[in-house]
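The values are calculated or read from the model by the stated rules, or taken from the named source; none is laboratory data. Because the structure is predicted, anything quoted here is derived from the model rather than measured. Cβ placement follows ideal geometry from the backbone for every residue including glycine, while neighbour counts extend to all protein chains displayed. Just the protein is used for accessible areas: all its heavy atoms, side chains included, with ligands, DNA and RNA removed. Shrake-Rupley method; radii C 1.70, N 1.55, O 1.52, S 1.80 Å.
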Amino acid sequence: MISVINDNSIKDPYRLVSRKNHPEDTVVEVPVGKTGKSKKIGGGHFALIGGPCSVESQEQVLSIAKDMADYGASFLRGGAFKARTSPYDFPGLGKQGLKFLKTAGEASGLAIVSEILSTDDLSIFEDQVDIIQIGARNMQNYSLLIEVGKLKKPVLLKRGPSSTIEEFLMSAEYLMKAGTKDVILCERGIRTFETATRNTLDLSAIPLLKEKTHLPVIADPSHGTGLWQLVEPMALAATAAGADGLMIEVHNDPDEALCDGGQSIKSERFKDLAKKVNAIRQVMVDSHKQPENMQEGRDKIDEIDRGILDLFEKRMALVDVISQLKAGENLPVEDLAREEEILEKVAEMVDESNLNDAKALMKSLFEISKNRQR
Ligand code: PEP
Ligand code: MN
């Protein structure tokens, strides 16, 4: 008897997106406008995409774009053509909105992500948008997938709220078969019996998709929950689950947003979220994977340095607390027994080959801390 289930010669129905035929992670390299620069997603390149649900004015997107760039995002999102459930809701600013986005992208250096609704708009999206988004509601709009795929531009494909993993991958296959190599998959919540949240963010989809496909997988905890309070915890969970990036709705004044205000966070919260995401990324970074070139190696070092500095700030804040406590009890700043204790623990924490350097690092931290306390 031939085992059908284990027969590897039977190919996945989605052959271009399947990892079986392409074991290496795909790194999607997105050209930023006509600057000659690019931004990457996948294969260790983590991407933060932030911005409003819909573009509302030039000032709005300019100010959010500046914040996003300052806080570590590499992409600006913003809907110009909005797929609204009600035909009476704000449909977006259309072509004008795309222009505002493009201007904000040029001012901030961010690449632009925006959703296309109709094949009527192919040429303007080809010209003005860096990543073309196909929204959840259009995931199985096959004629749209084919026409967008033919442009050979990077595409961000959102999972339909009632679609299976296989259907999702089949839609990505349509895009690739039509011509694009650069598809980013986005888990954005599925419809379940639960009504307390807008959707149920399917976190298990992230590692599962990454097993089945070489394409980058990102998560959208804004649409995935519908509640701004849940955006950060789910963003962190998605990062820990192995996502290659996050798409977050950020608004300057969520209470007055024309679309999805209840799930939008302000820039300051995005800043905090980005810091925490980066801390989780430290754990996720595969240090055994050799960088392919100097730039890639330096990007990784920069990511780690951000984490080190963030922890350094936390450590110094605690040093200040300890300093107060010592003063209250009239204890001296220097405590050599305590230093010895820490250095002994270092030996258990690091590899033999790093022990001396790690001890030297800790000793200089002790000096910095003591100077500050004095
Ligand atoms: C969006 O990202 O603006 C959007 C409408 O999302 P979704 O298609 O996932 O509902
Ligand atoms: Mn939205």
Any residue on another chain or 5+ positions along whose placed amide H is under 5 Å from the amide H of G79 is listed here as S54, V55
Only Cα pairs under 8 Å and at least 6 apart count here; give the relative contact order of segment 28-70 as a rounded whole percent.
-> 23 percent
Mean-square fluctuation maximum in Gaussian network of the chain, Cα pairs under 10 Å, restricted to E334, E296, E348, hits E348
Measuring with a 1.4 Å probe in the full set of protein chains, what accessible area per residue, in whole Å², belongs to segment 182-227?
-> 36 Å²
Relative contact order of the chain, defined on C-alpha pairs under 8 angstrom at six or more residues apart (%) | 14 percent
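Could you sort out which of K40/K181; K276/K345; K212/K275; K300/K370; K276/K359 sit more than 21 Å apart by Cα distance in this structure? Write down the numbers at each step before the final one.
Details: K40/K181 14 Å; K276/K345 26 Å; K212/K275 30 Å; K300/K370 31 Å; K276/K359 27 Å.
Violating the 21 Å Cα-Cα cut-off are K276/K345; K212/K275; K300/K370; K276/K359.
Heavy atoms only, probe 1.4 angstrom, no DNA, RNA or ligands counted: give me T192, T197, T213, T35 ranked by accessible area, highest first. Walk me through the numbers before you get to the answer.
Details: T192 55, T197 35, T213 0, T35 90 Å².
Largest accessible area first, the residues go T35, T192, T197, T213.
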The helix 336-349 Cα axis meets the longest alpha-carbon principal axis of the chain at an angle in degrees, between 0 and 90 and rounded to 10, of 40 degrees
Helix axis angle, 165-178 relative to the chain longest principal axis, alpha carbon, degrees | 70 degrees
Heads up, segment 28-151 by the C-alpha gyration tensor (a ≥ b ≥ c square roots of eigenvalues; a/c under 1.5 rounded, else a/b over b/c prolate, else oblate) looks oblate
Report L331's accessible area, 1.4 Å probe, all protein chains in place, as a number in Å² to the nearest 10.
-> 90 Å²
So how far apart, in nm, are the two label points at E211 and E329 if each is 7 Å from Cα heading toward Cβ?
-> 5.1 nm
Using the Cα gyration tensor of segment 188-320, with a ≥ b ≥ c the square roots of its eigenvalues, what is the shape: rounded (a/c below 1.5), prolate (a/b larger than b/c) or oblate (neither)?
-> oblate
Placing +1 on each Lys and Arg Cβ and -1 on each Asp and Glu Cβ in the chain, then taking the dipole about the Cα centre, the residue among A358, H22, L98 whose Cα reaches farthest towards the positive end is L98
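What does DSSP give for the chain in terms of the percent of beta bridges that are antiparallel, rounded to the nearest 5? Present the calculation step by step, with values, prior to reporting the outcome.
Numbers: 7 of 34 bridges.
Here the share of antiparallel DSSP bridges comes out near 20 percent.
Run through the DSSP bridge list for segment 16-156 and note the antiparallel percent, rounded to the nearest 5.
On the way: 5 of 16 bridges.
Around 30 percent of the beta bridges assigned by DSSP in segment 16-156 are antiparallel ones.
Using only the Cα atoms of the chain, construct the convex hull and provide its projected area averaged over every direction, in square nanometres to one decimal. If you can, show how the numbers build up before the last one.
Numbers: hull surface 99.1 nm².
Taking the Cα atoms of the chain, their convex hull projects to 24.8 nm² on average.
What is segment 264-353 by shape, rounded, prolate or oblate, if you read a ≥ b ≥ c off the alpha carbon gyration tensor as root eigenvalues and call it rounded for a/c under 1.5, prolate for a/b larger than b/c, and oblate otherwise? Walk me through the numbers before you get to the answer.
On the way: a/c = 3.39, a/b = 1.41, b/c = 2.39.
Since a/c reaches 1.5 but b/c is at least a/b, the shape of segment 264-353 is classed as oblate.
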Please report, in debye to the nearest 20, how large the charge dipole of segment 159-240 is about its Cα centre when each Lys and Arg carries +1 at its beta carbon and each Asp and Glu carries -1 there.
-> 120 debye
One point scatterer per Cα, no solvent, Debye formula: log10 I(q)/I(0) for segment 199-274 at q = 0.15, 0.23, 0.24 Å⁻¹ comes out as -0.49, -0.97, -1.03
Average accessible area per residue (Å²) across segment 253-374 - probe 1.4 Å, nucleic acids and ligands excluded | 72 Å²
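Write down the accessible area per residue of segment 1-151 in Å², having rolled a 1.4 Å probe over the full set of protein chains.
Details: 7310 Å² over 151 residues.
Accessible area per residue, segment 1-151: 48 Å².
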Sequence-separation-based contact order of segment 65-176, relative, with Cα cut under 8 Å and 6+ spacing, percent | 21 percent
With every protein chain in place, the accessible area of K210 for a 1.4 Å probe, in Å² rounded to the nearest 10, comes to 40 Å²
Given the candidates F312, A337, V283, the one whose Cα lies deepest towards the positive end of the charge dipole of segment 241-374, counting +1 at each Lys or Arg C-beta and -1 at each Asp or Glu C-beta, is A337
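How big is the dipole moment of the chain about its Cα centre under a simple scheme where the beta carbon of each Lys and Arg is +1, that of each Asp and Glu is -1, and everything else is neutral? Debye, nearest 20, please.
On the way: 48 positive and 58 negative charges, 171 e Å.
Result for the chain is approximately 820 debye, rounded to the nearest 20.
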On the accessible surface of the chain, probed at 1.4 Å with all protein chains in place, carbon and sulfur together account for a percent value of 53 percent
CD proxy at 222 nm, helix term only [per DSSP H run n ≥ 4: -39500 (n - 2.57); per residue of the chain; nearest 500] | -14500 deg cm²/dmol
Once the Cα atoms of helix 228-240 and of the chain are each reduced to a long axis, what angle between those two axes, in degrees from 0 to 90 to the nearest 10, is obtained?
-> 80 degrees
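How large is the charge dipole for segment 175-287, taken about the Cα centre, if only the Cβ atoms of Lys, Arg (+1) and Asp, Glu (-1) carry charge, to the nearest 20 debye?
Numbers: 13 positive and 16 negative charges, 76 e Å.
With only Lys, Arg, Asp and Glu charged at Cβ, the dipole is about 360 debye.
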